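Student: First the structure, which I've put down as structure tokens, then a few questions once you've had a look.
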Amino acid sequence: MNMCIFCKIINNEIPCTKVYEDDKILAFRDINPAAPVHVLIIPKKHITSVNEINEDNAEVVGHIFAIAAKLAKELGVDSNGYRVVTNVGTQGGQTVEHLHFHLLGGRNLGWPPG
Ligand code: AMP
């Protein structure tokens, strides 16, 4: 098993502030929040980034977005708006090599991103 930092969080070897979990995905608060609401949603099966998504493993991405919508409602950002984003590779700003979607909200989010 690949033991990246997010795999260790999934395995309860590193603590997190969990907001949702099921057999396929985990959502937890970002340790360094960039907005009042900043949750990371990750697949439990290790996928490095969008670069590794294919027809065989893409289903979990739809599930992640369904839960992102549910969490946005629960966290009170659905009506004002929010962003779901994933960074890929060095120029994309990815620092953890385990696919993760940032759910950001609670303030005006600039566009384009830096
Ligand atoms: P990215 O830069 O897109 O790869 O996002 C990685 C995110 O993971 C950053 O926003 C970090 O603050 C966050 N992060 C790193 N380690 C932890 C951790 N142990 N618990 C929660 N969030 C973390």
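Student: Taking only segment 76-102 into account, find how many residues are within 16 Å of the ligand (Cβ to nearest atom) and in a loop (DSSP other than H, G, I, E, B).
Tutor: Filtering segment 76-102 for residues within 16 Å of the ligand (Cβ to nearest atom) gives 82-102.
When the remaining residues are screened for being in a loop (DSSP other than H, G, I, E, B), the result is 86-88, 93-100.
The number of residues fulfilling the criteria is 11.
Student: A further question on this structure: Among (1) more than 14 Å from residue 21 (Cα to Cα); (2) free of Cβ contacts under 8 Å to residues at least 60 places away in the same chain, where does residue 97 come up short?
Tutor: (2)
Student: Within segment 1-21, track down each residue that is of a type outside the set (S, T, N, Q), away from the ligand (no atom under 11 Å from the Cβ) and free of Cβ contacts under 8 Å to residues at least 40 places away in the same chain.
Tutor: Correct list: 3, 10, 21.
Student: Further question: Cβ-Cβ below 7 Å, separation at least six or inter-chain, first residue in segment 35-52 and touching a residue at least 12 places away in the same chain (Cβ under 8 Å) and within 14 Å of the ligand (Cβ to nearest atom), second part of a loop (DSSP other than H, G, I, E, B) and of a type in the set (Ser, Thr, Tyr): which pairs?
Tutor: Listed by first residue and then by second, the contacts come to 50/86.
Student: Count, please, the residues in segment 11-53 that happen to be in a loop (DSSP other than H, G, I, E, B), surrounded by 15 or more Cβ atoms within 10 Å (Cβ to Cβ) and of a type in the set (A, V, I, L, M, F, W, C).
Tutor: The total comes to 4.
Student: Mind checking which residues of segment 103-114 are more than 12 Å from the ligand (Cβ to nearest atom) and assigned to a strand (DSSP E or B)?
Tutor: 105
FYI, it's all coordinate maths here, none of it is from the lab. Computed from a predicted model, the values in this text were never measured in an experiment. Reconstructed Cβ throughout: ideal geometry from the backbone, glycine too, with neighbour counts over all protein chains shown.
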